[in-house]
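This report refers to the structure that appears directly beneath it.
The values are calculated or read from the model by the stated rules, or taken from the named source; none is laboratory data. None of these values were measured; they are calculated from a predicted model. Every residue, glycine among them, receives a Cβ derived from its backbone with ideal geometry; neighbour counts consider all protein chains shown. Calculation scope for accessible area: heavy atoms of the full protein, side chains included, ligands and nucleic acids excluded. Shrake-Rupley method; radii C 1.70, N 1.55, O 1.52, S 1.80 Å.
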Amino acid sequence: MIVNQQGFINSSPGSRLMTEQNTQPGPVFSLEKIYIKDSSFEVPGAPLVYLDAASPEVGVQLGISHSLINAERGLYEVVLAVTVTAKHADKTVFLVEAHQAGLFHITGMPEPELPKVLEIACPNVLLPFVRQAVNNLIESGGFPQLLLSPINFEALYLQKQSAAPQAVAH
C-alpha cells in the first residue's frame, strides 16, 4: 500500500508501472477514502421506552447517490444512506440514519459500465462499513445488536433500470 503526495492510497503499487508501460491502460477501480458523511440517532421516548419489553418492528430503507468530484482524476463520491426505524404500535422506539461515503478512483471504464460500478460495486464496498456504523449507534443507544442483512445491489440496480422506462411512459 502506497500513499501518494495528495494523501490518497494506491492499494496496488504495480498498477502504476503497468499503466506507464502500456499506452492504453485498462479500467481502474480503487477506493481512495472512506468516511461517515452524516449520522444521527434518536430515541424520542427515552427513558420510558427502555421499560417496555415488547420487541419493536424494524424497517430498513436505503439509498445510493453518487457524484463526479474531479473528472480529470476520475474521482467519484458514492454515498450509501441507511435509515433504520424501530416502531412499537404507532410510536418510534429509535431512528438511526447513517450516510457512509467513499471516494473512488474510476478511470478507463466503458461508459455503459460506469453506472453499474457506481451503483453495484461501490455500495458493495461501503456496506460493511455502514453496517458497523448503524450497529454501533444502536448498541450505544442501549438497544440489542442489529445486523443489516446482505443486500443484492445488482438486483436493486436492475429493478431501478426496469422501473425507469415505465416511469417515463406514464
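Things worth noting here:
- Each Lys and Arg contributes +1 and each Asp and Glu -1, all at the Cβ; summed about the Cα centre of segment 47-164, the dipole is approximately 80 debye.
- Around L158: net Lys/Arg minus Asp/Glu count, Cβ-Cβ under 15 Å: -1
- Comparing F104, G142, Q161 along the charge dipole axis of segment 79-170, the residue lying farthest to the positive side is G142, per the Cβ-charge model.
- Accessible surface computed residue by residue for segment 31-170, with neighbouring protein chains in place and a 1.4 Å probe, gives 59 Å² per residue.
- Taking 0.36 nm per residue of separation and subtracting the Cα-Cα distance, full extension of the segment from L158 to F29 would add 44.3 nm.
- Extent of segment 32-170 along its three principal axes (Cα atoms, max minus min coordinate, largest first): 56, 39, 21 Å.
- Fraction of accessible area attributable to carbon and sulfur, segment 105-144 (%, probe 1.4 Å): 60
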